[in-house]
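Okay, structure first, notes after.
The values are calculated or read from the model by the stated rules, or taken from the named source; none is laboratory data. Fair warning: this is a prediction, and the values are worked out from it, not measured in the lab. Note that each Cβ is placed from the backbone with ideal geometry, even for glycine, and that neighbours are counted across all protein chains shown.
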């Protein structure tokens with residue numbers, strides 16, 4: 001390739017660098033379009049590090065998300081403590097998660113060496129924390145501190161210097177030494193500089209102290225420590241011990257090497273992922289590409305370069321670029337392949353988002369001051385930025401409401417009463433995007449800022465940054481549809497009536513119903529239902545009452561249903577998909593399979609990444625992803641293929657996380673002294689912290705499996721959770737089901753059976769089983785796990801072993817409750833269709849009717865969805881197998897069991913005659929079974 005050099009000033013035409021992501025169609029354009037540097041017409045080499053498709057696929061597969069939030073090298077900052085308002089029967093917990101305060105584990109033997117040195121890993125993940133500070137379980141480069149790297153790039157962004165800095169870091173990761181100078185000899189005048197080989201052209205000269213607003217609202221010059229440390233890390237890649245360690249995590253060129261995931265610990269993966277998050281337009285990316293080319297060319301002009309160094313520069317140039325013209329038609333258009341597949345899948349969806357990674361996340365936007373903007377055309381600088389959590393949630397909600405599945409476009413033109421600003425916004429942005437550019441965020445914030453309704457609450461005096469709360473959101477909607485008398489009147493009238501209501505269920509239900517009616521009124525292309533909600537009414541700022549919590553909304557159209565979840569909390573709000581869209585058409589499925597075959601035999605890194613992405617999609621389609629299939633997850637965990645799990649899709653759902661924690665408890669709970677360096681232990685600690693532990697249902701799923709871990713308090717120091725003193729409300733009836741689902745049926749079957757026996761015995765010794773055995777074992781889910789699934793996995797003798805262990809541990813103190821559990825199991829077993837006579841026989845054999853009291857009869861009679869008449873008919877039909885006439889003792893037992901079920905049937909009839917038939921019957925754990 002010819003060398004070229006142009007004056008950097010020619011690159012000054014550039015948009016302000018902002019935080020979002022390139023669209024797939026933009027990546028296709030970048031792959032296929034040439035650009036001119038000097039006199040050379042160039043294309044990026046699609047196989048090389050400048051192809052943003054790498055970052056796109058890393059993001060889509062949740063790889064950066066998994067590494068940032070769950071890596072064993074990162075010590076995530078969180079805590080959970082029991083609140084003082086807890087009662088004996090109800091425990092309330094506070095959960096705090098601060099991603100910006102995450103740290104790496106200290107170097108003193110706490111990062112396990114494996115293939116790389118502990119110092120190297122510690123420094124790498126320290127930079128990852130700096131570059132991806134994140135918030136609210138969302139992967140983000142948004143600055144949380146006034147010395148963050150992203151803020152440094154934005155504040156110093158004059159249209160070029162930030163691109164040169166990113167280009168320099170990329171080349172440093174590729175092994176090309178770029179002589180960035182860090183001048184800190186004069187306090188207060190610290191700077192970073194990069195000049196050309198002649199020392200005459202300055203690529204960038206940036207101050208390391210920036211003016212910032214402190215907590216007390218004063219302004220101060222803050223040293224940019226994170227930026228300096230990031231630069232020093234990339235410079236240290238050229239000296240030992242880092243130089244040797246970097247070579248151990250090179251880019252893989254086979255699927256087997258890719259699955260090992262060593263490349264995830266490379267500076268290349270880190271900087272390429274960051275650049276994808278930072279640059280959001282083709283124009284910006286062209287400037288970045290040009291900056292890379294110029295720095296590469298300049299690097300080759302240093303006279304002191306050795307022949308080996310010059311050869312590396314030449315190799316890197318060819319890896320990054322190819323000349324346009326005759327070579328253009330021979331290129332692989334990787335992005336075109338992925339785009340064509342995505343288009344086919346998207347066309348089948350009824351919502352504009354088909355996976356969680358497509359949902360635009362919040363960003364930081366400058367405060368929009370109408371008067372200043374009107375007079376100057378400018379908006380305030382970064383000192384006055386705010387996080388647009390509520391605004392972005394509303395943007396995503398309105399994108400769904402205005403989306404037409406037939407045209408795949410958004411429009412507010414046909415929504416009666418829509419404000420001019422709302423119509424103009426969706427006229428400007430009709431195509432749903434996988435991320436929202438900074439310009440789109442700002443335009444939307446203008447739509448919802450400074451609205452005239454005095455009931456709308458804003459955080460700032462300039463009436464920017466919306467306050468959270470469902471009622472506040474409804475007021476915003478009423479203002480966006482001010483000309484619609486129905487919307488305005490309905491919201492104002494109901495809100496007016498609620499002002500005099502006390503805090504409670506009535507207010508919450510009224511607001512929820514109003515919200516549903518408003519959404520249905522606005523959504524012309526969908527029928528909307530509320531699937532579930534967890535809402536409470538309280539004052540977030542000690543002044544104004546509002547409704548907070550989460551609400552799941554279902555959208556129905558074309559015979560399909562997809563759901564979204566709105567988290568409306570005092571400190572932040574978030575829009576998320578409940579589940580990925582999975583109903584792809586046959587044509588899209590065929591295309592997916594065709595592409596998988598195309599990329600199956602691969603030799604290049606980008607092709608390996610694409611193959612991994614396709615395989616993940618196929619696995620999800622076949623329900624064979626580790627999230628969907630516990631056997632697949634088991635296999636990965638048993639082989640300690642932890643990076644492979646990170647490569648197999650986002651670890652996002654609470655149920656998925658709970659299965660991982662459960663597997664860990666089952667497999668390592670018996671180890672008396674667990675090594676602090678254990679990778680899986682650290683991953684589990686991070687997974688636990690990522691869950692909303694203040695929410696009881698999530699807490700139950702993720703923490704109750706620790707009952708298998710006898711020494712959990714020695715390792716899970718960030719949670720104050722006493723398993724010995726849990727009330728019934730903290731017990732999850734999925735515990736045994738999840739445990740049994742993790743058992744293998746083929747390879748290592750006997751090992752897993754023995755493992756289950758040990759853990760089951762440990763569970764029975766736990767105080768929770770002595771105090772509340774009915775709530776652990778008496779549910780239908782527990783019956784299915786122990787009496788059906790376990791027998792199907794292994795044999796009938798496993799059930800006998802289970803009941804023998806229960807008899808050994810529970811009967812001495814709770815014989816009445818134990819036999820009540822078994823009487824319930826017998827009812828469940830007879831009610832199965834078809835029933836298993838062997839299972840009925842085992843349960844019947846252990847059941848002792850002498851311990852069943854009248855209290856037990858009344859309790860069991862209140863069990864929902866059991867047809868006791870049918871149960872009795874099965875016992876009568878199979879009586880010849882349960883006893884023989886010549887055995888008086890067995891005959892007596894049978895007659896007592898039959899009598900018990902007749903008493904239960906009588907009790908059911910008695911209850912029905914005394915209550916309203918529409919009243920639901922629920923179990924009460926406080927009932928006296930004796």
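The table below lists the values:
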{"quantity": "Among (1) in a helix (DSSP H, G or I); (2) closer than 25 Å to residue 872 by Cα - the single one residue 835 does not satisfy", "calculated": "(1)"}
{"quantity": "Flag if residue 98 is outside the structural domain of residue 268 (by TED's automatic domain parsing), farther than 25 Å from residue 431 by Cβ and under 19 Å from the mean Cα position of the chain (by Cα)", "calculated": "yes"}
{"quantity": "Conditions (1) surrounded by fewer than 22 Cβ atoms within 10 Å (Cβ to Cβ); (2) touching a strand residue (DSSP E or B) at 6+ places or on another chain (Cβ under 7 Å): number failed by residue 44", "calculated": "(1)"}
{"quantity": "Where residue 86 falls short, out of the listed (1) modelled with pLDDT of 95 or more; (2) not in a strand (DSSP E or B)", "calculated": "(1)"}
{"quantity": "Boolean, residue 235 is over 25 Å from residue 297 (Cα atoms) and at pLDDT 90 or above", "calculated": "no"}
{"quantity": "Filtered residues of segment 688-724 (kept if surrounded by fewer than 22 Cβ atoms within 10 Å (Cβ to Cβ) and within 15 Å of the chain's Cα centre (by Cα))", "calculated": "690, 692, 698"}
{"quantity": "Qualifying residue in segment 438-446 (condition: farther than 29 Å from residue 60 by Cβ and either buried (at least 16 other Cβ atoms within 10 Å of the Cβ) or touching a residue at least 40 places away in the same chain (Cβ under 8 Å) (or both))", "calculated": "yes"}
{"quantity": "Yes/no for residue 281 being at pLDDT 95 or above and surrounded by 14 or more Cβ atoms within 10 Å (Cβ to Cβ)", "calculated": "no"}
{"quantity": "1 or more residues farther than 23 Å from residue 389 by Cβ and modelled with pLDDT of 90 or more: qualifying helices (runs of 4 or more DSSP H) within segment 427-540", "calculated": "505-522"}
{"quantity": "Within segment 101-152, considering residues that are closer than 29 Å to residue 207 by Cβ and outside the structural domain of residue 228 (by TED's automatic domain parsing), the one modelled with the lowest pLDDT", "calculated": "101"}
{"quantity": "Residue that is modelled with the lowest pLDDT [pool: residues in segment 408-425 that are touching a helix residue (DSSP H, G or I) at 6+ places or on another chain (Cβ under 8 Å) and under 16 Å from residue 351 (Cα atoms)]", "calculated": "408"}
{"quantity": "Output for segment 9-59, where each listed residue is at pLDDT below 80 and part of a helix (DSSP H, G or I)", "calculated": "9, 10, 11"}
{"quantity": "Selection count, segment 611-634, where residues are more than 14 Å from residue 655 (Cβ to Cβ) and touching a helix residue (DSSP H, G or I) at 6+ places or on another chain (Cβ under 8 Å)", "calculated": "12"}
{"quantity": "Checking residue 856 against (1) in contact with a helix residue (DSSP H, G or I) (Cβ under 9 Å, 6 or more places away or on another chain); (2) closer than 22 Å to residue 740 by Cα, the condition it does not meet", "calculated": "(2)"}
{"quantity": "Output for segment 747-798, where each listed residue is more than 20 Å from residue 730 (Cα to Cα) and either touching a strand residue (DSSP E or B) at 6+ places or on another chain (Cβ under 8 Å) or outside any helix (DSSP H, G or I) (or both)", "calculated": "747, 748, 794, 795"}
{"quantity": "Residue 193 being surrounded by fewer than 17 Cβ atoms within 10 Å (Cβ to Cβ), modelled with pLDDT of 95 or more and more than 19 Å from residue 240 (Cα to Cα)", "calculated": "yes"}
{"quantity": "Test: residue in segment 664-678 that is out of contact with any helix residue (DSSP H, G or I) (no Cβ under 7 Å at 6 or more places or on another chain), farther than 30 Å from residue 758 by Cβ and surrounded by fewer than 17 Cβ atoms within 10 Å (Cβ to Cβ)", "calculated": "no"}
{"quantity": "Residue within segment 527-550 that is out of contact with any strand residue (DSSP E or B) (no Cβ under 7 Å at 6 or more places or on another chain), on the phi > 0 side of the Ramachandran plot and surrounded by 14 or more Cβ atoms within 10 Å (Cβ to Cβ) present", "calculated": "no"}
{"quantity": "Any helices (runs of 4 or more DSSP H) falling wholly within segment 622-735 and containing at least 1 residues that are under 28 Å from residue 249 (Cβ atoms)", "calculated": "630-638, 642-646, 654-668, 679-689"}
{"quantity": "Residue list for segment 809-832, filter: part of a helix (DSSP H, G or I), touching a residue at least 40 places away in the same chain (Cβ under 8 Å) and either out of contact with any helix residue (DSSP H, G or I) (no Cβ under 7 Å at 6 or more places or on another chain) or within 13 Å of residue 760 (Cα to Cα) (or both)", "calculated": "809, 810"}
{"quantity": "Residue 743 being assigned to a loop (DSSP other than H, G, I, E, B), assigned by TED's automatic domain parsing to the domain that holds residue 840, out of contact with any strand residue (DSSP E or B) (no Cβ under 9 Å at 6 or more places or on another chain) and farther than 22 Å from residue 858 by Cα", "calculated": "yes"}
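Listed here are the residues, each with its yes/no results for (1) modelled with pLDDT of 95 or more; (2) over 17 Å from residue 742 (Cβ atoms).
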| site | (1), (2) |
| --- | --- |
| 754 | no, no |
| 769 | no, yes |
| 778 | no, yes |
| 794 | no, no |
| 799 | yes, yes |
